[in-house]
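The values are calculated or read from the model by the stated rules, or taken from the named source; none is laboratory data. What you see is a predicted model; the values in this text were computed from it and never measured. Using ideal geometry, Cβ is built from the backbone for each residue, glycine included, and neighbour counts are taken over all protein chains shown. Ligands, DNA and RNA are excluded from the accessible area calculation, which covers all protein heavy atoms including side chains. Shrake-Rupley method; radii C 1.70, N 1.55, O 1.52, S 1.80 Å.
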Amino acid sequence: MTRDPQSILSHGAMRPLQIAAVVLCILLNALDGFDVLAISFASPGIASEWGIDRAALGFVLSMELIGMAVGSLVLGNLADRIGRRPTVLGCLVVMAGGMGLASLANSVIELSLIRLATGLGIGGMLACTNALVAEFSNDRHRNLAVAIMAAGYPMGAIIGGSIATGLLADGHWRDVFVFGAIITGVFLPIAWVLLPESIGYLAQKRGPNALERINATLRRFGHEIAQALPPAPEKAHSVSIAQLFAPGLARVTIVLTLAYFCHIMTFYYILKWIPKIVVDMGYVASRAGDVLVWANVGGLLGAALLSVMTYRFGVRALVITAMLASTVLVSLFGQGQATLGGLALVAAAAGFCTNAAVVGLYALFARGFPTSVRAGGTGFAIGIGRGGAALGPIVAGLLFNAGLGLGYVSLLMAMGSLIAAGALLFLKEQGD
């Protein structure tokens with residue numbers, strides 16, 4: 001009996017080049033993490049140079065998040081049609097160009113449009129890497145691999161942010177975007193060489209040379225080859241949004257999208273506003289960047305702990321717990337601290353919980369959506385959910401401008417995590 005090509009990967013051991021492809025996806029997600037937060041590190045300098053208030057800054061901070069919403073939705077579905085590999089390469093081109101152009105911007109409108117376009121590439125990349133990691137991993141390590149992939153996001157913010165704080169101490173906010181353009185460009189040839197097309201995608205999409213391409217990747221990874229493709233489905237597969245709301249899948253789509261939307265509002269409130277809040281307390285931009293780096297250190301530790309715990313506990317229960325803790329700690333962040341070190345510690349704890357929940361949500365995406373719509377389903381949930389990401393900084397900026405203090409704003413923004421936890425109570429996970 002002919003084995004399904006995807007099952008060869010799913011049931012076999014993880015081989016070195018297979019691991020390398022997964023690691024590359026993790027690094028690409030780390031690149032996403034820095035590219036998204038580059039504007040946060042630069043925001044105090046932008047506000048100072050152009051004299052914009054908090055409400056206007058909130059809109060600038062949200063522009064690439066709006067682009068990410070569209071990119072995740074549109075390019076996630078495109079990846080299910082033309083393939084993960086070409087979509088990833090195209091996203092890298094868009095991201096590198098956008099970072100380079102941001103360093104040349106001369107007005108709020110110009111910078112906002114550039115960040116909007118850059119977000120298209122970031123959003124498409126995020127949907128693709130999540131699908132690729134799930135499809136390159138075997139069954140035993142899939143949850144862990146997807147969780148580590150999501151942990152790459154804060155890892156990129158930590159490493160890139162540490163470099164950015166050095167650039168801000170000795171240079172200009174534009175230098176942050178120059179660095180981002182260079183490092184993104186470096187990944188283009190690396191991805192071209194190391195990233196093959198997904199076997200799951202090739203087996204699903206088929207085509208005249210699908211088996212040859214699948215076997216080439218299986219040989220490269222060190223696995224046995226497939227003698228034939230599995231039987232074709234009775235109806236030709238066509239990816240559409242309607243499929244995500246078909247009986248049996250609609251509940252998963254609605255619950256995961258709502259949970260992501262609400263929690264990501266809280267997540268990006270913390271990540272986008274920390275530098276400006278700290279600068280307004282009287283600290284220099286480089287020290288404010290340090291606090292944001294510590295928030296991402298906490299995020300990385302939270303992602304790592306949740307990744308390990310997925311071997312012993314249900315992912316859904318872990319995510320709900322992290323979201324409840326996030327509600328408490330984001331509210332605590334708003335109470336302020338007597339020292340910068342104390343503020344950094346609370347920010348790290350809040351980052352720990354908020355990012356652990358995001359990591360768990362990505363694992364739930366990989367479990368909830370079948371291969372045929374995995375990139376599209378992930379893209380839809382992230383795309384619509386990114387509306388919450390964009391709203392987070394904007395709503396916070398408007399609340400600040402309306403005269404509300406840090407404590408009230410933080411309490412209100414923390415409610416996103418609480419609502420998300422409630423939504424996940426309606427999700428049935430395998431093994432529950």
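Separation of the range 388-427 and the range 58-134, taken as the distance between their Cα centroids, equals 24 angstrom.
Packing order of peptides 83-95, 207-219, 30-42, highest average first: 30-42, 83-95, 207-219 (average count of other Cβ atoms within 10 Å over each peptide's residues).
Estimated from helices alone, the mean residue ellipticity of the chain at 222 nm is -27500 deg cm²/dmol (sum of -39500 (n - 2.57) over DSSP H runs with n ≥ 4, per residue).
Once the Cα atoms are used to define both axes, helix 285-309 deviates from the longest principal axis of the chain by about 30 degrees. Per residue, the chain exposes an accessible area of 37 Å² to a 1.4 Å probe, with every protein chain left in place.
Relative to the longest principal axis of the C-alpha atoms of the chain, give the angle of the C-alpha long axis of helix 374-401, reported between 0 and 90° and rounded to the nearest 10°. Tilt of helix 374-401: around 10 degrees.
Computed over the chain, the quotient of the alpha carbon radius of gyration and 2.2 N^0.38 Å is 0.95. Please determine, in degrees from 0 to 90 and to the nearest 10, the orientation of helix 174-194 with respect to the longest principal axis defined by the Cα atoms of the chain, where the helix direction is its Cα long axis. Taking Cα atoms only, the helix is inclined about 10 degrees. Return the inverse of the average 1/r over all pairs of distinct C-alpha atoms in the range 118-212, which is the Kirkwood hydrodynamic radius, in Å to one decimal. Computed over Cα pairs of the range 118-212, the Kirkwood hydrodynamic radius comes out at 15.9 Å.
Ranked by the mean number of other Cβ atoms within 10 Å per residue, highest first, peptides 279-292, 13-26 order as 279-292, 13-26. Per-residue packing, averaged as other Cβ atoms within 10 Å, sorts the ranges 329-341, 116-128 into the order 116-128, 329-341, beginning with the highest.
Spin-label model, Thr339 to Ile182: label points 7 Å out along the Cα-to-beta-carbon direction sit 3.5 nm apart. Alpha-carbon geometry of the range 1-131: the Rg and the Dmax are 18.1, 69 Å, given in that order.
By the Stokes-Einstein formula, at 1.306 mPa s and 10 °C, the range 258-315 with its Kirkwood radius over alpha-carbon pairs has D equal to 121 µm²/s. Taking one quarter of the surface of the C-alpha convex hull of the range 205-327 gives a mean projected area of 13.3 nm². Just so you know, the Cα atoms of the range 274-403 work out to an Rg and Dmax of 16.6, 52 Å. Any idea what the relative contact order of the range 289-413 is, in percent, if you count C-alpha pairs under 8 Å spaced at least 6 apart? Normalised by residue count, the contact order of the range 289-413 is 36 percent. Cα convex hull, the range 292-357: 58 Å³ per residue, rounded to a whole number. As a fraction of the 1.4 Å probe accessible area of the chain, surface on carbon and sulfur atoms comes out at 68 percent. 3J(HN,Hα) couplings calculated from phi for the range 8-19 with the Karplus curve 6.51 cos²θ - 1.76 cosθ + 1.60 (θ = phi - 60°) are, in sequence order, 4, 6, 5, 9, x, 6, 6, 8, x, 6, 5, 5 Hz; Gly and Pro show x.
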